[in-house]
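Written out below as structure tokens is the structure these notes cover.
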Amino acid sequence: MEEKLKQISDNNSNCIKVVLYGPESTGKSSLAKELAKYYDTVYVEEFSRSYAETKAKVNLELTKNDVLPIAVGQIHSENEQFKNANRVLICDTDLLETKVYSEFYYNGFCPDLVQKYAQKNTYDLYFLTYIDILWEADGIRDQPNTRLQMFTAFEQALIDSKKRYSIVKGSFEERLSICITQINELLKKAN
């Protein structure tokens, strides 16, 4: 199982990896799609969304037993997309986000392997999305009243893990501009 949580590397050594990370309904997926388009590259979709939607179709809720399969699916998707990335891989979440949500929903529980690889897997930069846009219901999202609490938990996880991050806030255009400016700086350093 451990092998399934490891990132592949060196296949695309000049490729930088960035993560859109933060509470639900803060524009991560929209930013991921737009950034991938801007850089003519691929992005990694949030695996937990499709996983949760599949379970919801048969009236099943997520449980703590789903955390590890979600983590494996996320890394599998990331590794597959990494092979196709053009200089930048945009990740719409990562295992650190999976860890934060697992601990929130399951009273501090997160599988040891997910915790280990949430720390071990690396990215060049996290974009922590702020809660200054309206929360939108979509059938999967369920925490409109805990957004500040979740933002704080996400930021603390970055701090505790010593991950490099930037808070992204404002309109969609402002958020996109912040991300592009910082990705361009990373690309300059990578070349």
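The values are calculated or read from the model by the stated rules, or taken from the named source; none is laboratory data. For clarity, every value in this text was computed on a predicted model and none was experimentally measured. Cβ coordinates were reconstructed from backbone atoms using ideal geometry, including for glycine residues, and neighbour counts include every protein chain displayed.
Would region 157-169 turn up any residue that is of a type in the set (Phe, Trp, Tyr), more than 28 Å from Ala56 (Cβ to Cβ), touching a helix residue (DSSP H, G or I) at 6+ places or on another chain (Cβ under 6 Å) and not in a helix (DSSP H, G or I)?
yes
Do you know which of the residues in region 92-123 that are aromatic (Phe, Trp, Tyr) and in a loop (DSSP other than H, G, I, E, B) is farthest from Ser48 (Cα to Cα)?
The residue in question is Tyr123.
Of Leu62, Leu89, which residue is at pLDDT 95 or above, in contact with a helix residue (DSSP H, G or I) (Cβ under 7 Å, 6 or more places away or on another chain), outside any helix (DSSP H, G or I) and of a type in the set (A, V, I, L, M)?
Leu89
Hey, can you tell me all the residues within region 1-22 that are part of a loop (DSSP other than H, G, I, E, B) and closer than 15 Å to Glu80 by Cβ?
Listed by number, the residues that qualify are Lys6, Gln7, Ile8, Ser9, Asn11, Asn12, Cys15.
Go through region 123-154 and give me each residue that's among the polar types (S, T, N, Q), in contact with an Asp or Glu (Cβ under 7 Å, 6 or more places away or on another chain) and either buried (at least 18 other Cβ atoms within 10 Å of the Cβ) or modelled with pLDDT of 90 or more (or both).
Answer for region 123-154, where residues must be among the polar types (S, T, N, Q), in contact with an Asp or Glu (Cβ under 7 Å, 6 or more places away or on another chain) and either buried (at least 18 other Cβ atoms within 10 Å of the Cβ) or modelled with pLDDT of 90 or more (or both): there is none.
Could you pull out the residue among Ala56, Ala71 that is in a helix (DSSP H, G or I), modelled with pLDDT under 95 and either of a type in the set (A, V, I, L, M, F, W, C) or surrounded by 24 or more Cβ atoms within 10 Å (Cβ to Cβ) (or both)?
Ala56
Name the residue that is surrounded by the most Cβ atoms within 10 Å (Cβ to Cβ), counting only residues in region 160-182 that are under 16 Å from the mean Cα position of the chain (by Cα) and among the β-branched types (Val, Ile, Thr).
Residue satisfying both the conditions and the ranking: Val168.
Considering region 23-41 alone, what residues qualify as being part of a loop (DSSP other than H, G, I, E, B) and touching a residue at least 60 places away in the same chain (Cβ under 8 Å)?
Within region 23-41, Pro23, Glu24, Ser25, Thr26, Gly27, Tyr39 qualify.
Within region 73-82, identify whether any single residue is of a type outside the set (Gly, Ala, Ser), under 22 Å from Ser161 (Cβ atoms) and in contact with a Ser or Thr (Cβ under 6 Å, 6 or more places away or on another chain), and answer yes or no.
no
When you check Lys4 against the structure, is it out of contact with any helix residue (DSSP H, G or I) (no Cβ under 9 Å at 6 or more places or on another chain) and either of a type in the set (D, E, K, R) or modelled with pLDDT under 95 (or both), yes or no?
So Lys4 fails the test.
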